[in-house]
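Notes follow once the structure below has been shown.
The values are calculated or read from the model by the stated rules, or taken from the named source; none is laboratory data. Keep in mind that what you see is a predicted model, and the values were worked out from it rather than measured. Don't worry about glycine lacking a Cβ; one is built from the backbone with ideal geometry, like all the others, and counts go over all protein chains shown.
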2 protein chains.
Amino acid sequence: MKDNAVGVAPPARRRRGASMADVARVAGVSAQTVSRVSNGSPDVVEETRARVLAAMKELGYRPNSAARALKHGEFRTLGVILFNLSSTGNVRTLEAIAESAALEGYAITLLPAVPTQTGVNGAFTRLGELAVDGVIVIMEVHLLDSATLSLPPHVQVVVVDSDAGDRYAVVDTDQRGGARAAVEHLLELGHRTVWHLAGPPDSFAAQRRTDAWLAVLREAGRTVPPLLFGDWSAESGYMAGRLVPEDCTAVFAANDQMALGLLRALHERGRRVPEDVSVVGFDDISEAASFIPPLTTVHQDFGEVGRRCVEGVLRQIRHQSAEHGTALVPTTLVRRASTAPPRQPR
Amino acid sequence: MKDNAVGVAPPARRRRGASMADVARVAGVSAQTVSRVSNGSPDVVEETRARVLAAMKELGYRPNSAARALKHGEFRTLGVILFNLSSTGNVRTLEAIAESAALEGYAITLLPAVPTQTGVNGAFTRLGELAVDGVIVIMEVHLLDSATLSLPPHVQVVVVDSDAGDRYAVVDTDQRGGARAAVEHLLELGHRTVWHLAGPPDSFAAQRRTDAWLAVLREAGRTVPPLLFGDWSAESGYMAGRLVPEDCTAVFAANDQMALGLLRALHERGRRVPEDVSVVGFDDISEAASFIPPLTTVHQDFGEVGRRCVEGVLRQIRHQSAEHGTALVPTTLVRRASTAPPRQPR
DNA sequence: GAGCTGGATGTTTGCGTAAACATCACGTAG
DNA sequence: CTACGTGATGTTTACGCAAACATCCAGCTC
């Protein structure tokens, strides 16, 4: 891309492409007829249609969606606000959102925000000027609340990963159910108690997982070991793994990345998984089956989350009315080789 | 999201939001003055401005970007066509693209395509109707070529992961350089030769990495072991890892996921890394440092790739001229614990 | 006080499209 | 032979915004 090449490059053509009027002129018909052909109206005689299509091709006509949007009053576009694409969950969800949206004829506009006050404000400011009919927010809603700019009116919203079901339509993975399944699985194997490597305290998902872990231990009347915290990263899981005491036989990590780090720390310390320590993760990232050993983990159906988000916003857009309530997407426990009964269930 | 709730939800208001005319009426000024306030023109007296702003707030006015785009003839939006978000590279690149674009005041529209003839065609059809000023294509260009619909005129393009530098502006990681560094590193450690776990043959990036591996071996006059193929997934790396013969002391995997699977296969076979076998990956995904053992790998600067893409399309948009040529983003070898000299360098 | 200057505001216009309505040619029934 | 219906096409209009141009008025100068 060294400077602009001279070769084939067309010499600064007319800034705007051909319009209906241009096509109409070439085809010798009215602009309206071009519009009809463009929209597949049946009321055009075959010969005329052919002439118009030829003219379109000749001029490289491309319908101007701005004009169309202006006329229709809708953009057929959804905005997605998120902090980053570094978590598998966000990415998988986004992927599913894009897919379902495409199926419905909607495009997706990305609105990356940095997780600071100004960052979120910035995203909302841009959003205000954006051509979207609805918004899907993939982040904890308290950040949304603390934004000084509120969501623009006439824009419908669905939120992922939040407890704001009383104010917004929320779609979320069944965090509690997944975490319960993980901890109960470990208890059923015979472990006296289960340690927990939690995610960052400001994450709603992390909180829910921790809550459920605590609830299961209490219900079973087990001692509750101290909490370990990570920041979702494998590195933080590794650090935590070095703190786990020798008498710990089971750990529930709040996500698979941290579980990976944990596995490495245990490996380095000579503690075998699952013989000495059982480990359960959360997410079921695609690599989890190739960890050493293959990780038992809670599978999240991100595809379903994405689909429900799109479904939700579109319904709101069509009805022109906000909804609320939380839709939970169920999880399943995937049993692999990182869990086993404790060696001496003393 | 159980049915539409009745509570706070506003009762099906007017479909479209307030327009400039509405604001103008409420504020008792002309529409043009509203426009001036909206665009921060200095030629508005303080008192008038305040009145207009108040009216805007009262009506929840939001500028209609379709109208603005129609007037300006540009959308300030870039389209990104990609197959999936399952590869780290694509995701990281997309993230960087979104960020740089936002910095320049451009929004990003996602165009997921499925990697089939019809899928690609579908994406291009949608693209044709899309409100974008330029497009970044993240996929091998031969798929782009085989699409029966070509790219719409007046839309500028930058391509990632391709050798079509003679026809498009291409931005890519220095695949050859990275692969060379990996293989040379292994030879320098004293390995007699290096096996290669390649990516799918239809991937341009995979081809380049394989080419470089082959070139280095030939230049050094080493025997060239048979190629192993994977599909980028950890699982495929695991399968390949079971085929590696006992006398193999070094493997260069075409990406980190496959390296992960390879590590597991070697572990299960009782072959220690790096004592018995050295492994090098490619990508430097964030988890690579937490593999068992931490993976030596080729670091790709996806952020830079994304930034250059945006820079490239914007330059083309501004000059209204297509460019070509390939911009290579350098790589660095990250040495971790998965490589060491062979035990008996016989 | 006539003429001028310049800042603040208003009016006109057109971007490309498509709905609503108008027209036109042709065939057919009365 | 005329009136009317029908299907194909054309004309008008408005969507919301902002550039270009027009106007108006206060404060000057001479």
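Data table
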{"item": "Matching residues in the stretch B:56-80 - criterion: being within 9 Å of DNA strand D (Cβ to nearest atom), among the charged types (D, E, K, R) and either more than 9 Å from every other protein chain (Cβ to nearest Cβ) or in a helix (DSSP H, G or I) (or both)", "result": "B:R68, B:K71"}
{"item": "Among residues of the stretch A:321-346, those that are within 12 Å of chain B (Cβ to nearest Cβ) and free of Cβ contacts under 8 Å to residues at least 12 places away in the same chain, counted", "result": "1"}
{"item": "Per-region count, the stretch B:247-269, residues among the acidic types (D, E), within 12 Å of another protein chain (Cβ to nearest Cβ) and more than 15 Å from B:G199 (Cβ to Cβ)", "result": "1"}
{"item": "Candidates A:Q316, A:Q300, filtered to the one that is within 11 Å of chain B (Cβ to nearest Cβ) and under 30 Å from A:E104 (Cα atoms)", "result": "A:Q316"}
{"item": "Some residue of the stretch B:86-105 being under 29 Å from A:K71 (Cβ atoms) and within 14 Å of DNA strand D (Cβ to nearest atom)", "result": "yes"}
{"item": "Residues satisfying the stated conditions in the stretch A:86-116, i.e. within 23 Å of A:S233 (Cα to Cα) and touching a residue at least 12 places away in the same chain (Cβ under 8 Å)", "result": "A:S87, A:T88, A:G89, A:N90, A:R92, A:T93, A:L94, A:E95, A:P112, A:A113, A:V114, A:P115"}
{"item": "Given (1) outside the structural domain of A:V132 (by TED's automatic domain parsing); (2) more than 9 Å from DNA strand C (Cβ to nearest atom); (3) part of a helix (DSSP H, G or I), index of the condition A:E99 fails", "result": "(1)"}
{"item": "Count - residues of the stretch B:210-241 that are surrounded by fewer than 13 Cβ atoms within 10 Å (Cβ to Cβ) and not in a helix (DSSP H, G or I)", "result": "3"}
{"item": "Selection within the stretch B:169-189 - within 14 Å of another protein chain (Cβ to nearest Cβ) and surrounded by fewer than 24 Cβ atoms within 10 Å (Cβ to Cβ)", "result": "B:D172"}
{"item": "Among residues of the stretch B:15-38, those that are assigned to a loop (DSSP other than H, G, I, E, B), closer than 16 Å to B:A50 by Cβ and near DNA strand D (Cβ under 9 Å from one of its atoms), counted", "result": "0"}
{"item": "Options B:R315, B:R307: the member that is under 23 Å from B:G79 (Cβ atoms), part of a helix (DSSP H, G or I) and without any contact (Cβ under 8 Å) to a residue 24 or more places away in the chain", "result": "B:R315"}
{"item": "Sole exception among (1) closer than 30 Å to B:R269 by Cα; (2) within 13 Å of chain B (Cβ to nearest Cβ) for A:V244, by number", "result": "(2)"}
{"item": "Of all residues in the stretch A:81-100 being within 9 Å of chain B (Cβ to nearest Cβ) and out of contact with any Gly (no Cβ under 9 Å at 6 or more places or on another chain), the one that is farthest from A:I285 (Cα to Cα)", "result": "A:N84"}
{"item": "Test: residue in the stretch B:44-55 that is of a type in the set (G, A, S), within 15 Å of DNA strand D (Cβ to nearest atom) and either more than 30 Å from B:S162 (Cβ to Cβ) or outside any loop (DSSP other than H, G, I, E, B) (or both)", "result": "yes"}
{"item": "Among (1) touching a strand residue (DSSP E or B) at 6+ places or on another chain (Cβ under 6 Å); (2) assigned to a loop (DSSP other than H, G, I, E, B) - the single one A:G281 does not satisfy", "result": "(2)"}
{"item": "Every residue from the stretch B:38-51 that is in contact with a helix residue (DSSP H, G or I) (Cβ under 8 Å, 6 or more places away or on another chain) and more than 9 Å from DNA strand C (Cβ to nearest atom)", "result": "B:S38"}
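Every residue, every condition in (1) over 26 Å from the mean Cα position of the chain (by Cα); (2) closer than 16 Å to A:E184 by Cβ, yes or no:
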residue: A:P200; (1), (2): no, no
residue: A:G221; (1), (2): yes, yes
residue: A:V224; (1), (2): yes, yes
residue: A:W232; (1), (2): no, no
residue: A:Q257; (1), (2): no, no
residue: A:L260; (1), (2): no, no
residue: A:E268; (1), (2): yes, no
